[in-house]
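Worksheet for the structure shown next.
The values are calculated or read from the model by the stated rules, or taken from the named source; none is laboratory data. In this text, all values refer to a predicted model and were calculated from it rather than measured experimentally. Note that we place each Cβ from the backbone using ideal geometry, even for glycine, and neighbour counts take in every protein chain shown. Heads up: the accessible areas ignore ligands, DNA and RNA and are worked out on the full protein's heavy atoms, side chains in. Shrake-Rupley method; radii C 1.70, N 1.55, O 1.52, S 1.80 Å.
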Protein chains: 2
Amino acid sequence: MKKSVEVCLTPELIHQHELGGKIAVVVDIFRATSCIVAGLHYGVNSVTPVGSVEACLSLGKQGFVTAGERGGQKIEEFDIGNSPFDYQNPDFIGRDVAITTTNGTMAIERSRNADEIVIGSFLNLSPTAGYLKSQNKSVVIHCAGWKGTPNIEDTLFAGAMIDRLGLDLSGDSSRMSLDLFKHHEEDLLSIAKVSGHARRLAGFGITKDIEYCMNVDEFKDVVVGMVDGRLVKI
Amino acid sequence: MKKSVEVCLTPELIHQHELGGKIAVVVDIFRATSCIVAGLHYGVNSVTPVGSVEACLSLGKQGFVTAGERGGQKIEEFDIGNSPFDYQNPDFIGRDVAITTTNGTMAIERSRNADEIVIGSFLNLSPTAGYLKSQNKSVVIHCAGWKGTPNIEDTLFAGAMIDRLGLDLSGDSSRMSLDLFKHHEEDLLSIAKVSGHARRLAGFGITKDIEYCMNVDEFKDVVVGMVDGRLVKI
């Protein structure tokens, strides 16, 4: 069968996608998957996504760095929040991180029926596209969205990835994502700043993260995937 | 509160939208809502959406014209299928129609918590926009999609309507719909033909319906809304 690419705009629609035999690319641009990719680039050993604050704290007691957010803000007892800058700390080199976030970790969990889970971000768009092209499997881009609704930044990423992959499009959402990207290709940051989540983060004074997460190909050689329940460089 | 417009890309996400106090604009371009608008333009008295073939046949016994489809094709026992051309029949002037379709009638049913339900189509885009602008209520554009997934043609309509309304945008899906429309504004038909549903219909040899349903403002003064469970000119 010819390889194709499809897009799921929110985890609430993932049951409409057959994941078996495919690679799921999970994306939560603001900010979970950007953090995971940055963390692994800057030297953390692995990132384990978990569903609850309690599960994260429990791993913390076993030596994991605890990371994440609820409602966009750091959890008090955690070591770090959900900013990619939090991961640029030499103390974390070689450490294992446990992360829980509002949207991203659920999208990862709901991708479990895929043959393989890969983490997407603008920061490593091209190396990830290169990896996907090298594999003989169709791709489902699974957008984390915002509390079940589609969002601009993840859809924009889906379009950018589709543009790089050049595969057959499956489903209308893939074409709509590609067109959104094409419409804004010359200035991704401006449209990303319009997204509801970017505006919420700006409301907390978090604007530098938005700009950072929209840097295309900041990292040239990091590809991140799930191996035995942990996200690692692959 | 200032009036706003939001977009629900598929009935599977409608629970994320507060409908109370708002007008729901239900849209199923290919072809249920285009049929309903065409039918009322050409003189049918009312169109009653029902959920099942049996309910439709039951109304047929009471004198209703039975109309609709399953999987895009006419139901054998029905008087007519789901083509807007089926309604251009002088025998139906003054008659009541019962309709059941794969996607459109479910979207109408799931809009019941709105203050008011209005039917959207490209055929009467401007008169419908004029009506919505005259009302002091926010608007939710409810796309019927295809079996729970977002589709191109309904999202394109949402964008076209948003462009006409000039209201504040609520939620990322509204901005993405507007951008899809803006990206294709000069040639709506070409992108509509790419949609999965258009290609399915073309597979049944139904191409003239696609072109007809994309005619913007074919009717200059028809606005259709739900009154006492029936869709009528309002």
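The table for this structure:
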read-out: Rg(Cα)/(2.2 N^0.38 Å) for chain A, N = residue count; value: 0.93
read-out: Total charge dipole magnitude, the stretch A:4-226, about the Cα centre, Cβ charges on Lys, Arg, Asp, Glu only, Debye to nearest 20; value: 160 debye
read-out: Accessible area in square angstrom per residue, chain A, 1.4 angstrom probe; value: 38 Å²
read-out: Cβ-Cβ FRET estimate between residue A:200 and residue B:61, R0 fixed at 41 Å, reported to 0.05; value: 0.15
read-out: Viscosity 0.890 mPa s, 25 °C: Kirkwood-radius Stokes-Einstein D of the protein assembly as shown over Cα pairs, µm²/s; value: 106 µm²/s
read-out: Relative contact order (%) - criterion: Cα under 8 Å, at least six apart; region: chain B; value: 34 percent
read-out: Anisotropy class of the stretch A:4-106 from Cα gyration tensor, a/c 1.5 cut; value: prolate
read-out: Label 7 Å beyond Cα on the Cβ vector: residue B:187 copy-to-copy distances, nm; value: 2.5
read-out: Chain A: angle of helix A:32-41 to the longest principal axis, Cα-based, in degrees nearest 10; value: 70 degrees
read-out: Alpha-carbon centroids, the stretch A:1-52 and the stretch B:4-43: separation in whole Å; value: 32 Å
read-out: Percent carbon-and-sulfur accessible area, the stretch A:4-226, ignoring ligands, DNA and RNA, probe 1.4 Å; value: 46 percent
read-out: Across the identical copies, how the residue B:55 labels are spaced - nm, sorted shortest first, 7 Å along Cα→Cβ; value: 4.0
read-out: Axis-nearest residue of B (beta carbon) for the B-onto-A rotation, whole Å; value: B:183, 2
read-out: Helix-derived mean residue ellipticity, 222 nm - over chain B, DSSP H n ≥ 4, -39500 (n - 2.57), to 500; value: -10000 deg cm²/dmol
read-out: Label-point gap, in nm, between residue B:42 and residue B:54 - each point 7 angstrom along Cα→Cβ; value: 3.1 nm
read-out: Estimated inter-spin distance, residue B:133 and residue A:133, nm [label 7 Å along Cα→Cβ]; value: 4.7 nm
read-out: Percent antiparallel among DSSP beta bridges (both partners in the stretch B:65-206, rounded to 5); value: 40 percent
read-out: Other copies of residue A:137: label-to-label distances in nm, shortest first, labels 7 Å along the beta-carbon direction; value: 4.8
read-out: Loss of accessible area when B meets A, both sides summed, Å² nearest 100, probe 1.4 Å; value: 2000 Å²
read-out: The stretch B:54-102, relative contact order in percent, only Cα pairs under 8 angstrom and at least six apart counted; value: 44 percent
read-out: At least 20 Å² of accessible area lost relative to the chain alone, listed for the stretch B:141-156 with a 1.4 Å probe; value: B:149, B:150, B:152
read-out: Antiparallel %, DSSP beta bridges [both residues in the protein assembly as shown], to 5; value: 30 percent
read-out: Phi to ³J(HN,Hα) by Karplus 6.51 cos²θ - 1.76 cosθ + 1.60 over the stretch A:129-138, Hz, x for Gly, Pro; value: 4, x, 4, 4, 5, 7, 9, 9, 9, 6
read-out: Acute angle (nearest 10 degrees) that the helix B:172-184 long axis makes with the longest principal axis of chain B, alpha-carbon atoms; value: 80 degrees
read-out: Residue pairs, from the table A:233/B:182; A:193/B:137; A:3/B:74; B:22/B:182, whose Cα atoms sit over 31 Å apart; value: A:233/B:182; A:3/B:74
read-out: In Å, descending, principal axis extents of the Cα set of the stretch A:1-59; value: 41, 26, 22
